[in-house]
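To start, the structure under review is shown below, and the notes come after it.
The values are calculated or read from the model by the stated rules, or taken from the named source; none is laboratory data. Bear in mind that the values here come from a model prediction, so they are computed numbers and not experimental data. Using ideal geometry, Cβ is built from the backbone for each residue, glycine included, and neighbour counts are taken over all protein chains shown. Keep in mind that these areas ignore ligands, DNA and RNA; they rest on the heavy atoms of the full protein, side chains included. Shrake-Rupley method; radii C 1.70, N 1.55, O 1.52, S 1.80 Å.
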Amino acid sequence: VLATQNPLEMEGTYPLPEAQLDRFFFKILVPFPSTAELVEIANRTTSERAPQTRKVANGQLIVAMQRLARSVPIASHVLAYAARLISATHPTDASTPAVTRQYVRYGASPRGMQALILAGKIMALLDGRFNVAFADLKLAALPALRHRIILNFEAQAEGINPDDVIRQLVETVKTE
């Protein structure tokens, strides 16, 4: 399931509660297209030639890909890093970095850790490897966690966003 949000067209829609946002695997930010990309969009959508689509997977293949992703091993020390990263998003945790204590109201849930690990497994496969590395989790951290960290008023007042916090956590949470 994909969902889109256009912040300019919020009339008649309501922001989802945090508990519902947590159910989304990733939150991907799509910036406004460059001039060259705008030209390509116009070329693809305003000519008389209709875009051609083709089937690339069926339900059976998708289920097989899900099984393959879940079968990718993750070493215990890499799994422990994922747990430390999730714990570091909670301002009440004793070992929480200062950035979290200062700017975070609520941290990521266990569902966030599940998304982080599954995304790490997929990143490893896409890179041609058969086990999860720290780099896979670090790469997955922004899209997997940005909608799962709720910032406090101080962060909003200072223009801090979840990506700023996650980047600092990825830099500060030790891999070993």
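Per residue, the solvent-accessible area of the chain (1.4 Å probe, heavy atoms of protein chains only, all protein chains present) comes to 70 Å².
Based on the alpha-carbon gyration tensor of the range 64-121 and its eigenvalue square roots a ≥ b ≥ c, which shape applies: rounded if a/c is under 1.5, prolate if not and a/b is larger than b/c, or oblate? Prolate, since a/c reaches 1.5 and a/b exceeds b/c. Kirkwood hydrodynamic radius computed over the range 39-141 comes to 16.5 Å, based on all pairs of distinct alpha carbons. What is the list of residues in the range 101-138 whose amide nitrogen lies under 18 Å from a point 7 angstrom out from the Cα of Ala64, following Cα to Cβ? From the range 101-138, the list is 125-126.
Using a probe of 1.4 Å on the protein chains alone, the accessible area found for Ser71 is around 80 Å².
So how do Thr172, Thr45, Thr100, Thr53 rank on accessible area, 1.4 Å probe, biggest first, that is with the largest at the start?
Final ranking, largest accessible area leading: Thr53, Thr45, Thr172, Thr100.
Along the range 144-153 the Karplus relation, 6.51 cos²θ - 1.76 cosθ + 1.60 evaluated at θ = phi - 60°, assigns HN-Hα couplings of 7, 10, 4, 9, 10, 10, 9, 8, 8, 5 Hz to successive residues, with x for each Gly and Pro. Taking all protein chains together and rolling a 1.4 Å probe, Leu125 ends up with roughly 50 Å² accessible. Each residue of the range 58-75 is assigned a 3J(HN,Hα), and the resulting list reads 10, x, 5, 5, 4, 5, 5, 5, 4, 4, 4, 4, 5, 7, 5, x, 10, 5 Hz, derived from the Karplus form 6.51 cos²θ - 1.76 cosθ + 1.60 (θ = phi - 60°), x at Gly and Pro.
Could you compute Rg(Cα) / (2.2 N^0.38 Å) for the chain, with N its residue count?
1.21
For Ala98 and Leu126, the FRET efficiency from 1/(1 + (r/R0)^6), where r spans their Cβ atoms and R0 equals 30 Å, is about 0.30.
Carbon and sulfur together cover what percent of the accessible area of the chain at a 1.4 Å probe radius?
Carbon and sulfur together cover 58 percent of it.
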